[in-house]
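Input: a single structure, listed below in structure tokens.
The values are calculated or read from the model by the stated rules, or taken from the named source; none is laboratory data. Treat the numbers as computed from the prediction; the structure is a model and nothing was measured. We work out accessible area using only protein heavy atoms, side chains counted, and drop any ligands, DNA or RNA first. Shrake-Rupley method; radii C 1.70, N 1.55, O 1.52, S 1.80 Å.
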Amino acid sequence: MAESKFMSAGTHKGRGRQAGYIRFKTSLRNCILDVLKVRPRWVEAREGEDWDFYWCEVNMLRETFDNTYFEEHVRICHFRNHFELTRKNLMVRNLKRHRKYLEKHVGKLASSDMDFFPTTFELPSEYHLFVEEHKRCPGSTWIMKPISKSQGKGIFLFRRLKEIEVWKKGDYYSHKEELKDKPEPETYIVSRYIANPYLISGKKFDIRVYVLVTSYIPLRVWLYRSGFARFSNSRYRLDAIDDTFIHLTNVAIQKTAPDYDPEKGCKWSLQSLRNYFVANHGSPDSTVLFREIDSVLVKSLESVQKVMINDKHCFELYPPV
């Protein structure tokens, strides 16, 4: 049924049309192109031809979306303000706002279900609020992340405020008379680090699942049954907070570890992870766990439902590929 939506004409009737085929376009030359090419009756649109389905980069979307007419059946792979959930600082703002909304309009019990993200601040804008919280919890470990980088770039852990003095007091702050000649400092989020994470074989891990949103109003969500867990390369310990091979799970970082084994890698399939939980905690508890994970996904999407620019031509795959 999904394919039948794309069988009619493209963005302008006629040009380059092949009856019964879905014409796709993508500027990416990676697994996205490989997957699209092997789909039955999908053909890549040539330069100048119309298309029915476009897997585009976000820059293209920002530059051309408002100036392009899309026919009814055309689909494109991003919502216009997709960054409300994919940029770390905006995600936290939306989660906090949604929690306040639930507490005010539904009740404290409903807002308590939004306890799945740690205490987090945006820097530099909330630096003073962060300092107050830091003073209330001396000795705590915090993690800092740049808001728009990936693959673990720029992430570090710290405990003392003086460890981020250099970041806080960069040229932007030290020479205010030259502000107009200096770029603003890079925005970070800082979160209380989870000091006692659940470990498997002594190692940290996170779970990567894929969620397809075809509509925000009404909210229409599809969860991919497969997925995987990413593991750190080294066993967890808190006396070495500078060691990214211990504290981060990004594959781009872990595969650079001196003792990384490319044959074993650092991933499990989601089914292997389920099997581990069932074997160690029983089927009922494992079922509850994965239902709660589903609930976190839905609540995260609900947090941006009212701010996302909904459009019938758009869909979004989280996390971005």
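When the solvent-accessible surface of protein heavy atoms is calculated with a 1.4 angstrom probe, in what order do ARG93, ARG225, ARG87, ARG136 fall, highest first?
Working: ARG93 120, ARG225 215, ARG87 80, ARG136 155 Å².
Result of the area sort, largest leading: ARG225, ARG136, ARG93, ARG87.
State in Å² the accessible area per residue of region 263-321; use a 1.4 Å probe, count heavy atoms of protein chains only, and round to the nearest integer.
Numbers: 3430 Å² over 59 residues.
Value returned for region 263-321: 58 Å² of accessible area per residue.
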Checklist entry - Which residue, SER295, SER283, SER201, has the most motion in a Gaussian network model of the chain that connects Cα atoms within less than 10 Å? => result SER201
Checklist outcome for this item: For LYS203, other-chain or 5+-apart residues with amide H closer than 5 Å (H placed, Pro excluded) are TYR236
Checklist entry - With springs only between Cα atoms under 10 Å, which of LYS204, LYS149, LYS299 fluctuates most in a Gaussian network model of the chain? => result LYS149
Checklist entry - Add -39500 (n - 2.57) for each DSSP H run of 4 or more in the chain, then divide by its residues: what number comes out at 222 nm, to the nearest 500 deg cm²/dmol? => result -8500 deg cm²/dmol
Item to check | Alpha carbon centroid spacing (whole Å) that separates region 193-266 from region 38-94 | outcome: 28
Next on the checklist: What figure, in Å² to the nearest 10, do you get for the accessible area of HIS281 with a 1.4 Å probe and non-protein molecules left out?
Outcome noted: 90
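May I ask what percent, to the nearest 5, of DSSP beta bridges between residues of the chain are antiparallel? Don't jump to the answer; show the numbers that get you there.
Numbers: 29 of 38 bridges.
About 75 percent, rounded to the nearest 5.
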Checklist entry - Across region 157-163, in residue order, what do the Karplus-derived ³J(HN,Hα) couplings come to in whole Hz, using 6.51 cos²θ - 1.76 cosθ + 1.60 with θ = phi - 60° and x for Gly and Pro? => result 10, 7, 10, 9, 4, 5, 6
Checklist entry - How much accessible area does MET91 have with a 1.4 Å probe, in Å² rounded to the nearest 10? => result 70
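Using only alpha carbon pairs under 8 Å that are at least six residues apart, calculate the relative contact order of the chain and give it in whole percent.
On the way: 449 pairs, mean separation 58.1, N = 321.
Contact order relative to length: 18 percent.
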Item to check | Acute angle (nearest 10 degrees) that the helix 127-136 long axis makes with the longest principal axis of the chain, alpha-carbon atoms | outcome: 50
Checklist entry - In degrees from 0 to 90, rounded to the nearest 10, what is the angle of the helix 283-302 Cα long axis to the longest principal axis of the chain? => result 70
Checklist entry - In sequence order, what are the phi-derived ³J(HN,Hα) couplings for region 225-237 according to the Karplus relation 6.51 cos²θ - 1.76 cosθ + 1.60 with θ = phi - 60°, rounded to whole Hz, with x for glycine and proline? => result 5, 8, x, 7, 10, 10, 10, 6, 7, 10, 5, 6, 7
Checklist entry - How far is helix 270-281 tilted, in degrees, relative to the longest principal axis of the Cα atoms in the chain, given as a value from 0 to 90 rounded to the nearest 10? => result 40
Checklist entry - At a probe size of 1.4 Å, how large is the accessible area of ASP242, to the nearest 10 Å²? => result 130
